[in-house]
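One structure is given below, encoded as C-alpha cells.
The values are calculated or read from the model by the stated rules, or taken from the named source; none is laboratory data. Quantities reported herein were computed from a predicted structural model and do not represent experimental measurements. In this analysis, Cβ positions are derived from the backbone assuming ideal geometry, glycine residues included, and neighbour counts consider all displayed protein chains. Note: areas computed on protein heavy atoms with side chains; ligands, DNA, RNA excluded. Shrake-Rupley method; radii C 1.70, N 1.55, O 1.52, S 1.80 Å.
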Amino acid sequence: MQEYISKQQQIFRSAAQIFPLISNFTLLTPAVADKVEEWQATEDHCSFKFKGFTVSLCIDEKVENKHVKITGDGGTVPMDFAFWIQLHQVSEGDTRIRLVLHAELNMMMRMMIGNKLQKGLDQAVESLAAAFNRF
C-alpha cells in the first residue's frame, strides 16, 4: 500500500471542539449534499453518487480527540484504502490536523494519480483548517 500524508495545518480550537465534527457523517450533510447525488448519511456510514458511481464509506475507527479512520464500505470503491483524519492538540487553542491516505494502487495508477492524490490531500487539509478557523 502506498502512503500519502498531507502537510500539517493549524486550527485555533481544541481537539475536543473539532473531533465531534469529523467523527459523524451526518454533520457533513450541509457541506456536501449539493455537491454529490443521492447523499445519505448516518453517524458512521455514508453513501453518495459521484460521476455516476455509487460510493459507500464507513468510519472504521474513532479515537476520541485523536483520529478517525474511514474505509470503503461494501466494495463500492474500486481500490482498497484507509483514510485517517488525525488531530494533535498542542495547547487548548492550538490543534494540528493532517490527512493520511493508504491506498492499494498498481504501478500504472501510482504514476497516473499519485501526485494528484498528494496535491488533493494538501488542498483538502488546507480547506478543513480554514473552515474550522472560521467558526
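Could you list all residues from the range 1-40 that are of a type in the set (Ser, Thr, Tyr) and either in a strand (DSSP E or B) or over 30 Å from residue 107 (Cβ atoms) (or both)?
Correct list: 4, 14, 23, 26, 29.
All but one of (1) in contact with a Phe, Trp or Tyr (Cβ under 7 Å, 6 or more places away or on another chain); (2) assigned to a strand (DSSP E or B) hold for residue 90; which doesn't?
The failed condition is (1).
May I ask you to list pairs of residues, at least six apart or on different chains, whose Cβ atoms are under 7 Å apart, with the first in the range 4-29 being closer than 12 Å to residue 132 by Cβ and the second being part of a strand (DSSP E or B) and among the hydroxyl-bearing types (Ser, Thr, Tyr)?
Going by the 7 Å Cβ cut-off, the qualifying pairs are 11/95; 13/95; 14/95; 15/95; 18/95.
Could you look through the range 55-87, keep only residues that are open to solvent by 70 Å² or more (accessible area, probe 1.4 Å) and assigned to a strand (DSSP E or B), and pick out the one that is farthest from residue 10 (Cα to Cα)?
By that ranking, first place goes to 60.
Restricting the search to the range 112-129, which residues are open to solvent by less than 40 Å² (accessible area, probe 1.4 Å) and without any contact (Cβ under 8 Å) to a residue 12 or more places away in the chain?
Hit for the range 112-129 is 120, nothing else.
Select from the range 89-111 the residues that are modelled with pLDDT of 90 or more, surrounded by 13 or more Cβ atoms within 10 Å (Cβ to Cβ) and of a type in the set (D, E, K, R) and write down the one among them that is farthest from the chain's Cα centre (by Cα).
94
Which numbered condition in (1) open to solvent by 70 Å² or more (accessible area, probe 1.4 Å); (2) part of a loop (DSSP other than H, G, I, E, B); (3) in contact (Cβ under 8 Å) with a residue 40 or more places away in the chain is the only one that residue 43 fails?
(3)
For the range 20-33, indicate whether the set of residues that are open to solvent by 80 Å² or more (accessible area, probe 1.4 Å) and of a type in the set (Phe, Trp, Tyr) is non-empty.
No: the range 20-33 contains no residue that is open to solvent by 80 Å² or more (accessible area, probe 1.4 Å) and of a type in the set (Phe, Trp, Tyr).
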